[in-house]
């Protein structure tokens, strides 16, 4: 185990859940498990961090402007809000990504706090070198965040039962899981966390 663990909840926003502009099939099904995990980290006095897509109206990320995706998670809209069932603790760190209209930002390591601090700096300040990751979507932002964490020498554990994929092509999510594992990520189930999670 690392010196200190943190939970990173990736992009559990309305537009990525069923009925949203870019809904992940059964994306909202991870929320009860995510909430239980958030509560566990709080009980252990360990940090809980949230990322969100926070796009401008005009960005090359969207199809209309040459990108791959329909408009989603536009700053200040209902679709960009965290899902109402997601239990966000008071004082949780929230980082936003995708604000630069010229850059596709999938990784949480491309996200910033309101004060302009990036994820790597925030983790360093908290003394965190072990990340537990859950959220949406397996084959894009979860994958990119996991791989970036591994590149930075962190221990990364992905909660297999608390992620879901977009599946632009069938099998994309499973390929992403294999890639994460091949690069050193540990895949585990959220229900077994209490036994292995280090105390603060």
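The values are calculated or read from the model by the stated rules, or taken from the named source; none is laboratory data. What you are looking at is a predicted structure, and each value in this text was computed from that prediction instead of being measured. With ideal geometry, Cβ positions are generated from the backbone for all residues, glycine too; neighbour counts draw on all protein chains shown.
Which one of the conditions (1) in contact with a helix residue (DSSP H, G or I) (Cβ under 6 Å, 6 or more places away or on another chain); (2) over 21 Å from residue 101 (Cβ atoms) does residue 73 fail to meet, given that it meets all the rest?
So the condition that residue 73 fails would be (2).
Do we have residue 8 as crowded, with 20+ Cβ neighbours inside 10 Å and farther than 22 Å from residue 166 by Cα here?
On the way: crowded, with 20+ Cβ neighbours inside 10 Å: yes; farther than 22 Å from residue 166 by Cα: no.
Criteria not met by residue 8.
All but one of (1) closer than 23 Å to residue 29 by Cα; (2) at pLDDT below 95 hold for residue 196; which doesn't?
In the conditions (1) closer than 23 Å to residue 29 by Cα; (2) at pLDDT below 95, residue 196 misses (1) alone.
Does residue 176 satisfy the condition of being loosely packed, with under 14 Cβ neighbours inside 10 Å and either modelled with pLDDT under 95 or touching a helix residue (DSSP H, G or I) at 6+ places or on another chain (Cβ under 9 Å) (or both)?
no
Suppose we filter the range 188-200 for residues that are assigned to a loop (DSSP other than H, G, I, E, B) and more than 20 Å from the chain's Cα centre (by Cα); how many remain?
Kept after step one, since they are assigned to a loop (DSSP other than H, G, I, E, B), are these residues of the range 188-200: 189, 197-200.
Filter again for more than 20 Å from the chain's Cα centre (by Cα), leaving 198-200.
Residues meeting the conditions: 3.
Test of understanding: among 81, 33, which residue is buried (at least 17 other Cβ atoms within 10 Å of the Cβ) and at pLDDT 95 or above?
Numbers: 81 fails: buried (at least 17 other Cβ atoms within 10 Å of the Cβ).
Answer to the check: 33.
With under 17 Å from the mean Cα position of the chain (by Cα), at pLDDT below 95, crowded, with 18+ Cβ neighbours inside 10 Å and more than 21 Å from residue 21 (Cα to Cα) as the only criterion, which of 148, 129 stands out? Quick ask: steps written out before the conclusion?
Numbers: 148 fails: at pLDDT below 95.
Result of the check over 148, 129: 129.
Out of the range 65-77, which residues are farther than 18 Å from residue 145 by Cβ, touching a residue at least 24 places away in the same chain (Cβ under 8 Å) and within 18 Å of the chain's Cα centre (by Cα)?
75
Can you spot a residue in the range 55-64 that is within 21 Å of residue 115 (Cβ to Cβ), out of contact with any strand residue (DSSP E or B) (no Cβ under 6 Å at 6 or more places or on another chain) and in contact (Cβ under 8 Å) with a residue 40 or more places away in the chain? Can you show your working first?
Let us first name the residues in the range 55-64 that are within 21 Å of residue 115 (Cβ to Cβ), namely 55-56.
Next cut, out of contact with any strand residue (DSSP E or B) (no Cβ under 6 Å at 6 or more places or on another chain) only: 56.
With in contact (Cβ under 8 Å) with a residue 40 or more places away in the chain added as a condition, the list becomes 56.
Yes, the range 55-64 contains at least one residue that is within 21 Å of residue 115 (Cβ to Cβ), out of contact with any strand residue (DSSP E or B) (no Cβ under 6 Å at 6 or more places or on another chain) and in contact (Cβ under 8 Å) with a residue 40 or more places away in the chain.
Farther than 24 Å from residue 55 by Cα and not in a loop (DSSP other than H, G, I, E, B): is that true of residue 147 in this structure? I'd like the intermediate steps shown before the answer.
Numbers: farther than 24 Å from residue 55 by Cα: no; not in a loop (DSSP other than H, G, I, E, B): yes.
For residue 147, the condition - farther than 24 Å from residue 55 by Cα and not in a loop (DSSP other than H, G, I, E, B) - is not met.
So if I check each of 153, 165, which one is at pLDDT 95 or above and closer than 22 Å to residue 17 by Cβ?
165
With the requirement that a residue be over 17 Å from residue 132 (Cα atoms) and either part of a loop (DSSP other than H, G, I, E, B) or touching a residue at least 60 places away in the same chain (Cβ under 8 Å) (or both), what does the range 169-187 give you?
Across the range 169-187, the qualifying residues are 169, 170, 171.
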